[in-house]
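Below are the structure tokens for one structure; questions will follow.
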Amino acid sequence: MARTTTRAFFVLQSPTMSTGFVELHCHSTASDGTLTPTQVVELAKRSNLTALALTDHDTVAGVGEAASAAMSLGINFIPGIEISAEYPSPGTMHILGYGVDPENPKLKRLTEELIAGRDNRNPRIVAKLNEMGVAVTMKEWEDEAKGSVLGRPHLAAILYRKGYVSSIKQAFDKYIGQGAPAYFDKERLTPRQAIERIRESGGVPVLAHPFQLRTTNDGELQRVVKDLLDLGLVGLEVIHSDHDATLVEKYTQLAKRLGLITTGGSDFHGSNKPNIELGVARGRRVPREFYDRLVEKHQALQGRSSKMQPTP
Ligand code: AMP
Ligand code: ZN
Ligand code: FE
Ligand code: FE
């Protein structure tokens, strides 16, 4: 993957040029997406997006390459990461970190810790699958991931290719999804740790897809989000492929009530999630304004960052 200096991470345009639509939640081959960081940026350009954040699970390995591509194609870019925090089943809590500094030693320590959590989990999944008569090895999983963070979608792709299942979805339902026999949880950070680590790595913490918390009523949702706010949460992802119009409205109101900024993205994974198009979440696009507010917030938290530079 192309290396670039941190200086290239932000390509800011003057706010008056801020128009159109953006994508603030997507995955590349650095985690479990199927397009390389460069290909994601190229697709963003073809889709007429004016800014992009790359938010791979547990890693910033793709952001250098994406930043370079964004720079040469003339679209704005902010690095990101997505972290899974401890949360009671059947819900899941994912925290996005925007504007993290890839060269921050604390971020490096954080990503190493997150990968170690996977390294502990993954062989247990494979052992269980073997026990169930499914012939798959860690080596095959590693080969499938091609040096990226090993995710269950890679494993699902192997099971599909080998004919154990007829779809990726079936691989999760039958074997490796939550509640299935070969599901094992990875060690996670607490929400407090996730938020603190993102903040100390120079990032803006945002609660991803609140729908996936699976809260059962508005009071519970508000309590969970308010607790996160007290821990240093800054934003709420209101637009997402899991959110219909009613939810977008509900989360927007909640963000407004609590003084959180709003973000949005499709959660694009390439052909690992074939129904999701980059920049489009249930037919809805993400306004440019979300990116501008996010960058503003990042600057405010950093003080005047030396990493900001105008578009050449
Ligand atoms: P991991 O980070 O290795 O635990 O894998 C998480 C990834 O698996 C995320 O991209 C999820 O969207 C995907 N995933 C989890 N459950 C399912 C499911 N039931 N069907 C399809 N993808 C899933
Ligand atoms: Zn993913
Ligand atoms: Fe997520
Ligand atoms: Fe995601």
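So how many residues does region 80-92 have that are within 16 Å of ligand 4 (Cβ to nearest atom) and either surrounded by 24 or more Cβ atoms within 10 Å (Cβ to Cβ) or part of a loop (DSSP other than H, G, I, E, B) (or both)? Don't jump to the end; show me each part of the working.
Just the residues of region 80-92 that are within 16 Å of ligand 4 (Cβ to nearest atom), to begin with: 80-85, 87, 91-92.
Of the ones still in play, those that are also either surrounded by 24 or more Cβ atoms within 10 Å (Cβ to Cβ) or part of a loop (DSSP other than H, G, I, E, B) (or both) are 80-81, 83, 87, 91-92.
Within region 80-92, residues that are within 16 Å of ligand 4 (Cβ to nearest atom) and either surrounded by 24 or more Cβ atoms within 10 Å (Cβ to Cβ) or part of a loop (DSSP other than H, G, I, E, B) (or both) number 6.
Another one. Can you confirm whether region 60-79 contains a residue that is within 13 Å of ligand 4 (Cβ to nearest atom) and either within 21 Å of GLU237 (Cα to Cα) or of a type in the set (Ser, Thr, Tyr) (or both)?
Within region 60-79, not a single residue is within 13 Å of ligand 4 (Cβ to nearest atom) and either within 21 Å of GLU237 (Cα to Cα) or of a type in the set (Ser, Thr, Tyr) (or both).
Please go through region 223-269 and give me each residue that is hydroxyl-bearing (Ser, Thr, Tyr) and under 19 Å from the mean Cα position of the chain (by Cα), ordered by number. Please lay out each step first, then the result.
Looking only at region 223-269, we keep the residues that are hydroxyl-bearing (Ser, Thr, Tyr), and these are 241, 246, 251-252, 262-263, 266.
Answer for region 223-269, where residues must be hydroxyl-bearing (Ser, Thr, Tyr) and under 19 Å from the mean Cα position of the chain (by Cα): SER241, TYR251, THR262, THR263, SER266.
OK, next. Out of GLU112, GLU103, which single residue is among the charged types (D, E, K, R), on the phi < 0 side of the Ramachandran plot, more than 15 Å from ligand 2 (Cβ to nearest atom) and touching a residue at least 12 places away in the same chain (Cβ under 8 Å)?
Details: GLU112 fails: touching a residue at least 12 places away in the same chain (Cβ under 8 Å).
Unique residue meeting the criteria: GLU103.
Let me ask something else. I'd like to know if region 233-241 contains one or more residues that are more than 22 Å from ALA194 (Cα to Cα), within 13 Å of ligand 4 (Cβ to nearest atom) and either at pLDDT 95 or above or among the aromatic types (Phe, Trp, Tyr) (or both). Walk me through how you get there before you give the answer.
Here is the first cut: in region 233-241, the ones more than 22 Å from ALA194 (Cα to Cα) are 241.
From what is left, the residues that are within 13 Å of ligand 4 (Cβ to nearest atom) are 241.
This time we only want the ones that are either at pLDDT 95 or above or among the aromatic types (Phe, Trp, Tyr) (or both), so: 241.
The answer is yes; a qualifying residue exists.
Oh, and also: As an exercise: evaluate LEU189 against (1) farther than 18 Å from VAL100 by Cβ; (2) surrounded by fewer than 22 Cβ atoms within 10 Å (Cβ to Cβ); (3) within 16 Å of ligand 1 (Cβ to nearest atom); (4) within 17 Å of the chain's Cα centre (by Cα) and give the number of the one condition it does not meet.
(1)
In region 212-244, what residues are farther than 24 Å from GLU200 by Cα, surrounded by 14 or more Cβ atoms within 10 Å (Cβ to Cβ) and β-branched (Val, Ile, Thr)?
Matches in region 212-244: THR215, VAL238, ILE239.
Here are some residues: GLY97, GLY147, GLY133, GLY117. Which one is exposed (fewer than 15 other Cβ atoms within 10 Å of the Cβ) and more than 18 Å from THR34 (Cβ to Cβ)? Break it down into steps so the answer makes sense when it comes.
Working: GLY97 fails: exposed (fewer than 15 other Cβ atoms within 10 Å of the Cβ); GLY147 fails: more than 18 Å from THR34 (Cβ to Cβ); GLY117 fails: exposed (fewer than 15 other Cβ atoms within 10 Å of the Cβ).
It is GLY133.
Let me ask something else. Hey, among the residues in region 42-88 that are more than 13 Å from GLY265 (Cβ to Cβ) and charged (D, E, K, R), which one's farthest from the chain's Cα centre (by Cα)?
Applying the filter and picking the extreme gives ARG46.
Let me ask another. Mind counting the residues in region 146-158 that are touching a residue at least 12 places away in the same chain (Cβ under 8 Å) and either under 13 Å from THR29 (Cβ atoms) or not in a helix (DSSP H, G or I) (or both)? Spell out how you get there, then give the answer.
Keep residues of region 146-158 that are touching a residue at least 12 places away in the same chain (Cβ under 8 Å), which gives 146, 148-158.
Next, from what is left, pick out any that are either under 13 Å from THR29 (Cβ atoms) or not in a helix (DSSP H, G or I) (or both): 146, 148-151, 153-154, 157.
Number of matching residues: 8.
Mind checking which residues of region 31-78 are among the hydroxyl-bearing types (Ser, Thr, Tyr), farther than 30 Å from ARG118 by Cα and touching a residue at least 40 places away in the same chain (Cβ under 8 Å)? Walk me through it before giving the result.
Step one: filter region 31-78 for residues among the hydroxyl-bearing types (Ser, Thr, Tyr), giving 31, 34, 36, 38, 47, 50, 55, 59, 68, 72.
Retained after the next criterion (residues that are farther than 30 Å from ARG118 by Cα): 47, 50, 72.
The answer is SER47, THR50.
If ILE195 satisfies every condition in (1) outside any helix (DSSP H, G or I); (2) at pLDDT 95 or above but one, which is the exception?
Of everything listed in (1) outside any helix (DSSP H, G or I); (2) at pLDDT 95 or above, ILE195 misses just condition (1).
Do we find a residue being within 16 Å of ligand 2 (Cβ to nearest atom), under 23 Å from GLY202 (Cβ atoms), surrounded by 15 or more Cβ atoms within 10 Å (Cβ to Cβ) and not aromatic (Phe, Trp, Tyr) anywhere in region 285-307? Lay out the reasoning, then the answer.
At the first step, the residues of region 285-307 found to be within 16 Å of ligand 2 (Cβ to nearest atom) are none.
The answer is no; no qualifying residue exists.
I would also like to ask the following. For the list (1) in contact with a His (Cβ under 6 Å, 6 or more places away or on another chain); (2) within 16 Å of ligand 2 (Cβ to nearest atom); (3) not basic (Lys, Arg), I need the number of the one condition that VAL204 fails.
(2)
Yes or no, residue by residue, for (1) at pLDDT 95 or above; (2) among the aromatic types (Phe, Trp, Tyr); (3) away from ligand 2 (no atom under 15 Å from the Cβ):
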| site | (1), (2), (3) |
| --- | --- |
| ARG3 | no, no, yes |
| SER18 | no, no, yes |
| HIS57 | yes, no, no |
| ALA61 | yes, no, no |
| ALA66 | yes, no, yes |
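Picking from SER266, SER167, which residue would you name as being out of contact with any Lys or Arg (no Cβ under 9 Å at 6 or more places or on another chain), within 30 Å of GLU140 (Cα to Cα) and not charged (D, E, K, R)? Before you say what the answer is, go through the steps one by one.
Values: SER266 fails: out of contact with any Lys or Arg (no Cβ under 9 Å at 6 or more places or on another chain).
Criteria check complete, one pass: SER167.
Here are the criteria: (1) surrounded by 20 or more Cβ atoms within 10 Å (Cβ to Cβ); (2) of a type outside the set (Lys, Arg); (3) in a loop (DSSP other than H, G, I, E, B). Tell me which single one GLY163 does not satisfy.
So the condition that GLY163 fails would be (1).
Can you tell me how many residues in region 101-141 are in a helix (DSSP H, G or I), more than 23 Å from ILE195 (Cα to Cα) and touching a helix residue (DSSP H, G or I) at 6+ places or on another chain (Cβ under 9 Å)?
Within region 101-141, residues that are in a helix (DSSP H, G or I), more than 23 Å from ILE195 (Cα to Cα) and touching a helix residue (DSSP H, G or I) at 6+ places or on another chain (Cβ under 9 Å) number 9.
The values are calculated or read from the model by the stated rules, or taken from the named source; none is laboratory data. None of the values given here were measured: they were computed from a predicted structure. In this analysis, Cβ positions are derived from the backbone assuming ideal geometry, glycine residues included, and neighbour counts consider all displayed protein chains.
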